[in-house]
Each structure stands twice: as structure tokens, then as C-alpha cells.
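Peer 1: Here it is, the structure, as C-alpha cells.
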Amino acid sequence: MTNTALEAASKRRKELYDAMVAVEHAAQRPAKTDAWHEELVAALQRVAAAFKAHVVATEDPDGIIAQIVTDAPRLANEAERLGAEHPVLEDRISNVAAKVKAAGIPDKVRVIELREDILGLLGALSLHRSAGSDFVWDAYAVDIGGYG
């Protein structure tokens with residue numbers, strides 16, 4: 001295992017976590033304001049960028065996934081499963097961001113729907129992060145950090 005791949009994965013993990021927290025905080029603000037909409041759109045853009053950085057770093061030929069498959073070939077199927085989640089999650093981030101952006105300052109029913117979409121997205125990202133943590137642990141018995 002190279003420390004560089006592990007350090008990069010840990011850094012991207014922290015950035016994604018921080019971006020997810022920003023989305024949760026923004027979603028919980030009073031929704032009848034321009035600030036709610038603007039902050040939420042910005043926070044979702046931050047999540048999209050952090051997740052894209054995660055994908056690029058982990059799928060890089062020198063990234064953590066390739067390193068783990070080299071060091072622990074028994075985890076190749078799990079690596080493939082985690083990699084297959086990336087485009088699905090990218091689409092989900094994009095779809096939720098588009099819904100929020102188009103909503104402007106929504107009515108109460110739409111606010112509830114948007115928050116449900118946001119919480120579903122955050123849950124899916126959290127599950128992906130957890131599976132990634134287990135993946136690294138199974139390879140190296142090293143915790144890359146939960147950050148919260």
C-alpha cells in the first residue's frame with residue numbers, strides 16, 4: 001500500500017463529508033427565503049465537486065481502488081461494486097441539484113419533497129462512504145476516518 005493513495009482517499013473523504021454537512025445545514029434552514037435556496041444550491045454544487053474529486057482520485061490508476069486490488073485481489077468484486085456506484089451517485093447528485101435549482105423558493109409541499117430528496121441523497125452518499133471505509137479496512141485494517 002502506498003501512503004499517497006491512502007492519504008488522498010482520506011483527504012477526499014473529509015472533503016466529501018464536509019460538503020455533505022453543508023448540504024444538511026442548508027436544507028434545515030427556513031425554506032421561505034432566497035438565502036435557503038442560494039445556500040442549498042451552493043452546497044449541492046460543493047457536494048458535486050467533492051464527489052467528482054473522490055471519483056477521480058479513487059479511480060485513478062494510482063488511486064486507492066487500484067492499489068487495494070493489487071494488494072488484496074480478493075476484494076476485486078467489491079472494488080467493482082463501489083466503482084459502479086459512482087455514476088449512479090453522480091446522477092443522483094445532479095438530479096437533486098437540478099430540482100433544487102429549478103424550485104426557487106418553493107411552497108411547503110415542495111419543500112418537504114426537496115428535503116426528502118436531499119436526505120435520500122445524503123443517505124446514499126453516507127452508505128457509499130461507509131462501504132468505502134469497510135473496503136479499506138478489509139484490505140489494510142486501517143480506518144481512513146469517519147469525520148463525524
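Peer 1: Rolling a 1.4 Å sphere over the protein heavy atoms, what is the accessible area per residue of the range 23-131, to the nearest Å²?
Peer 2: Accessible area per residue, the range 23-131: 53 Å².
Peer 1: The range 40-148: which chymotrypsin sites (Phe, Trp or Tyr not before Pro) are DSSP loop and have at most 15 other beta-carbon atoms within 10 angstrom?
Peer 2: Those satisfying the criteria are TYR147.
Peer 1: Still on this structure: Taking a temperature of 25 °C and a viscosity of 0.890 mPa s, what whole-number D in µm²/s does Stokes-Einstein yield for the chain with Rh from Kirkwood over alpha carbon pairs?
Peer 2: The estimated diffusion coefficient comes to 153 µm²/s.
Peer 1: Among ALA72, ALA8, ILE105, which residue has its Cα furthest toward the positive end of the charge dipole of the range 1-125, with +1 on Lys/Arg Cβ and -1 on Asp/Glu Cβ?
Peer 2: Value: ILE105.
Peer 1: A further question follows. Cut-off 10 angstrom, C-alpha nodes, Gaussian network model of the chain. Which of ALA57, ALA42, ALA98 fluctuates the most?
Peer 2: ALA98
Peer 1: Per residue of the range 83-92, in order, report the coupling 6.51 cos²θ - 1.76 cosθ + 1.60 (Karplus, θ = phi - 60°) as ³J(HN,Hα) in whole Hz, putting x for Gly and Pro.
Peer 2: Computed from phi, the couplings for the range 83-92 are x, 5, 6, 4, x, 5, 5, 4, 5, 5 Hz.
Peer 1: Here's another thing I want to ask about it. Does the range 77-126 classify as rounded, prolate or oblate by the C-alpha gyration tensor (a ≥ b ≥ c root eigenvalues; a/c under 1.5 gives rounded; else a/b over b/c gives prolate, otherwise oblate)?
Peer 2: Cα axes put the range 77-126 in the prolate bin.
Peer 1: In addition: Mind grabbing the accessible area of HIS25 for me, 1.4 Å probe, Å², rounded to tens?
Peer 2: Only protein atoms counted, so the area is about 110 Å².
Peer 1: Could you give the nm distance between label points at ALA131 and ARG110, where each point is 7 Å from its Cα heading toward the beta carbon?
Peer 2: Using points 7 Å along Cα→Cβ, the separation is 3.3 nm.
Peer 1: Still on this model: Mind checking the angle between helix 108-140 and the chain's longest principal axis? C-alpha axes, 0 to 90 degrees, to the nearest 10.
Peer 2: 10 degrees
Peer 1: Quote the accessible area belonging to ASP34 in square angstrom, nearest 10, computed with a 1.4 Å probe and with ligands, DNA and RNA left uncounted.
Peer 2: Accessible surface of ASP34 is approximately 90 Å².
Peer 1: Mind ranking HIS54, HIS86 by accessible surface for me, highest first, 1.4 Å probe?
Peer 2: My answer, sorted largest first, is HIS54, HIS86.
Peer 1: Using a 1.4 Å probe and counting only protein heavy atoms, arrange SER126, SER133 so the residue with the most accessible area comes first.
Peer 2: Ranking SER126, SER133 by accessible area, largest first, yields SER126, SER133.
Peer 1: To continue, here is another question. Considering the dipole of the range 35-148 built from charges on the beta carbon (Lys and Arg +1, Asp and Glu -1) around the Cα centre, which of GLY83, ALA42, PHE135 is farthest to its positive end?
Peer 2: Result: ALA42.
Peer 1: Students often get this wrong, so check it: of LYS32/LYS101; LYS14/LYS99; LYS11/LYS32; LYS11/LYS101; LYS14/LYS52; LYS14/LYS108, which have C-alpha atoms separated by over 24 Å?
Peer 2: LYS14/LYS99; LYS11/LYS32; LYS11/LYS101; LYS14/LYS108
The values are calculated or read from the model by the stated rules, or taken from the named source; none is laboratory data. The model shown is predicted, which means the values in this text are computed figures rather than measured ones. All Cβ positions, even for glycine, are placed from backbone atoms using ideal geometry, and neighbour counts span all protein chains on display. Accessible surface is based on the protein model in full, side chains and every heavy atom, while ligands, DNA and RNA are left aside. Shrake-Rupley method; radii C 1.70, N 1.55, O 1.52, S 1.80 Å.
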